[in-house]
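The values are calculated or read from the model by the stated rules, or taken from the named source; none is laboratory data. Given the structure is predicted, the values throughout are model-derived calculations rather than measurements. Cβ coordinates were reconstructed from backbone atoms using ideal geometry, including for glycine residues, and neighbour counts include every protein chain displayed.
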Amino acid sequence: MLYPLIRELLSLEPLSQSVTVRGWVRTKRELKNLTFIEVNDGSCFSALQCTFDREKGLGAETAGTLDSITTGASVEIQGLLVPSPAAGQKAELAAGGIVLVGGAPAEDTGSTAAYPLQKKRHSLEFLREIGHLRARTNTFGAVMRVRNRLAFAIHQFFQDRGFVYVNTPIITTSDAEGAGAMFQVTTLDLGELAKSGRAPDYSKDFFGKPGFLTVSGQLEGETYAAALSRVYTFGPTFRAENSNTARHLAEFWMVEPEMAFANLADNMDLAEDFLKFLFARVRAECDEDLRFFDAHIEKGIIAALDQVIHAKFTRVSYTDAVAELEKHKDKFEFPPYWGCDLQSEHEKFLTGEIACGPVIVTDYPKEIKAFYMKQNDDGKTVRAMDVLVPRLGEIIGGSQREENLERLEQRITESGMKTEDYWWYLDLRRYGTVPHSGFGLGFERLIQYVTGMANIRDVIPYPRSAGQADF
Ligand code: 4AD
Ligand code: MG
């Protein structure tokens, strides 16, 4: 039988029942004859307060163990679950016995450095340097619990709507976004190649041609949507873009639904319903963690989420959005003009200052979007959509796909790629082609939006970015 977690103990009515709690010591305080130990096991935000009353005569062994307890130690504490006299907690443990499972030295012992998480607060920068321990802090515990609930809710949303979960490949030989920011996967001996001075012979490489880590599961997702009607992928994607920003990672998770017989309007509706569903689940299931983010990370985030859940997302064409931005030219480092790629500052202005909420921008110039998007009859724009949110900018990118063979071939060629390389993707347009649409949600951007965490490196257990993949 598994032992009870603190979240379970705290949901019980305290009736002086005997329980044992296991976890890590957050703090130890002494007050007259009382010793208080806060134990956290990560199952919920709250720690369980364990109170030792020295006056009641603790055994010599318990008293001795208590003296050796330090912040970070792992412990097993036995006692009675009783109503707590302290404000803000329903129950505490009237502790009787304690076992030190694993110590965490408060000072450098010569062989072991002092436990690094002893202060009440540490900077997020410092915590990034101890990524293997930061999950033991309030902030990272809360982020990871929210991440977990969101992952579950994503499956729930699609499963309830007839979408089939498809696992698209991680290693690929085609560039899904045509943007060229791919990590190469090879078994060729690079050291030997460099010494020989010869060009690599990819026919001798593992796949008989160059292989890469995928930037998106979309193209393979489309093939399954053309058979199962509605599918979604949810997996890691990789981009070797050297952009060191607070919203880019080299390895991030993406959720990509794809629907047959669906146009851009259907796609926008799905994206809006999807985000609102996820926000509502987090509001319903992560209240304690959200209250922490609201108080310590991003003030007002709960009210903002509540507002978004009930408001209609603004929908605007790229052309109209740019016209609006041009009225505020002087506010930007990069002046907006028709044809420009929207910068993060433009996205933040549209959502934060103009719409005061999420905005779906559609019908971008074809030059700044991927080859697979359906062309509009104006010859200039494509059926793209980006969902932008306040504080962050783009959280979702998607489109209706080009289902016409000739037009798609023409876009592949125009984009400097070879139609032969996409023969299987083009087959979808040769056999039983249908209008279809889909989008990609950046999972870490979603977590950033919901928690208010400013840096994307702080919403994934082990961030990978240029120059950084230490652990
Ligand atoms: O807009 P993107 O590049 O779209 C695609 O990859 C499409 N194939 C999706 C589709 O239609 N099925 O990426 C989708 C989302 C972005 O909106 C953003 O939230 C996130 O993925 N994203 C990143 N997140 C973290 N780090 C990066 N380097 C990211 N690049 C994109
Ligand atoms: Mg995009």
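If you check E125 against the conditions, is it more than 34 Å from the chain's Cα centre (by Cα), more than 19 Å from C50 (Cα to Cα), free of Cβ contacts under 8 Å to residues at least 12 places away in the same chain and surrounded by fewer than 18 Cβ atoms within 10 Å (Cβ to Cβ)? Explain how you work it out, then say what you get.
Values: more than 34 Å from the chain's Cα centre (by Cα): no; more than 19 Å from C50 (Cα to Cα): yes; free of Cβ contacts under 8 Å to residues at least 12 places away in the same chain: yes; surrounded by fewer than 18 Cβ atoms within 10 Å (Cβ to Cβ): yes.
So E125 does not fit the description; no.
Quick check on segment 326-338. Is at least one of its residues crowded, with 20+ Cβ neighbours inside 10 Å, within 16 Å of ligand 1 (Cβ to nearest atom) and touching a residue at least 12 places away in the same chain (Cβ under 8 Å)?
Step one: filter segment 326-338 for residues crowded, with 20+ Cβ neighbours inside 10 Å, giving 336.
From the residues that got through so far, the ones that are within 16 Å of ligand 1 (Cβ to nearest atom) too are none.
Within segment 326-338 (the criterion being crowded, with 20+ Cβ neighbours inside 10 Å, within 16 Å of ligand 1 (Cβ to nearest atom) and touching a residue at least 12 places away in the same chain (Cβ under 8 Å)), the answer is no, since none of the residues qualifies.
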Across (1) within 30 Å of L305 (Cα to Cα); (2) out of contact with any helix residue (DSSP H, G or I) (no Cβ under 7 Å at 6 or more places or on another chain); (3) more than 15 Å from ligand 1 (Cβ to nearest atom); (4) not aliphatic (A, V, I, L, M), Y449 clears everything bar (3)
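Please verify whether E402 is of a type in the set (D, E) and out of contact with any Lys or Arg (no Cβ under 6 Å at 6 or more places or on another chain), treating the condition exactly as stated. It would help to see each step written out before you state the result.
On the way: of a type in the set (D, E): yes; out of contact with any Lys or Arg (no Cβ under 6 Å at 6 or more places or on another chain): no.
When the stated conditions are applied, E402 does not pass them.
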So, first residue polar (S, T, N, Q) in segment 429-441, second residue assigned to a loop (DSSP other than H, G, I, E, B) and within 15 Å of ligand 1 (Cβ to nearest atom), Cβ within less than 9 Å, six or more apart or across chains; the pairs are T433/E403; S437/A262; S437/N263; S437/K374
- request: Evaluate segment 431-446: report whether one residue or more is within 16 Å of ligand 2 (Cβ to nearest atom), at negative phi and among the aliphatic types (A, V, I, L, M).
  value: yes
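Might you let me know whether segment 371-379 holds any residue that is within 24 Å of the chain's Cα centre (by Cα), closer than 30 Å to L219 by Cα and at pLDDT 95 or above?
Filtering segment 371-379 down to residues within 24 Å of the chain's Cα centre (by Cα) leaves none.
No, segment 371-379 has no match at all.
Report whether or not A384 is within 16 Å of ligand 2 (Cβ to nearest atom) and either part of a strand (DSSP E or B) or more than 25 Å from S437 (Cβ to Cβ) (or both).
Details: within 16 Å of ligand 2 (Cβ to nearest atom): yes; either part of a strand (DSSP E or B) or more than 25 Å from S437 (Cβ to Cβ) (or both): yes.
Yes; evaluated as a whole, the condition is true for this residue.
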Picking from R457, R464, the residue that is basic (K, R), under 31 Å from the mean Cα position of the chain (by Cα) and within 16 Å of M144 (Cβ to Cβ) would be R457
Here the qualifying pairs (Cβ atoms under 7 Å; residues six or more apart or on different chains; first in segment 269-291 and of a type in the set (D, E, K, R) and exposed (fewer than 15 other Cβ atoms within 10 Å of the Cβ); second outside any helix (DSSP H, G or I) and at pLDDT 95 or above) come out as E288/C44; E288/F45; E288/S46
Per the list (1) touching a strand residue (DSSP E or B) at 6+ places or on another chain (Cβ under 7 Å); (2) assigned to a loop (DSSP other than H, G, I, E, B), residue check on F371 breaks on (1)
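Condition test on S243, is it within 16 Å of ligand 2 (Cβ to nearest atom) and surrounded by fewer than 17 Cβ atoms within 10 Å (Cβ to Cβ)? Before you say what the answer is, go through the steps one by one.
Working: within 16 Å of ligand 2 (Cβ to nearest atom): yes; surrounded by fewer than 17 Cβ atoms within 10 Å (Cβ to Cβ): yes.
Answer is yes for this residue.
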Requiring at least 1 residues that are of a type in the set (V, I, T), more than 16 Å from ligand 1 (Cβ to nearest atom) and modelled with pLDDT of 95 or more, the helices (runs of 4 or more DSSP H) wholly within segment 189-300 are 264-285
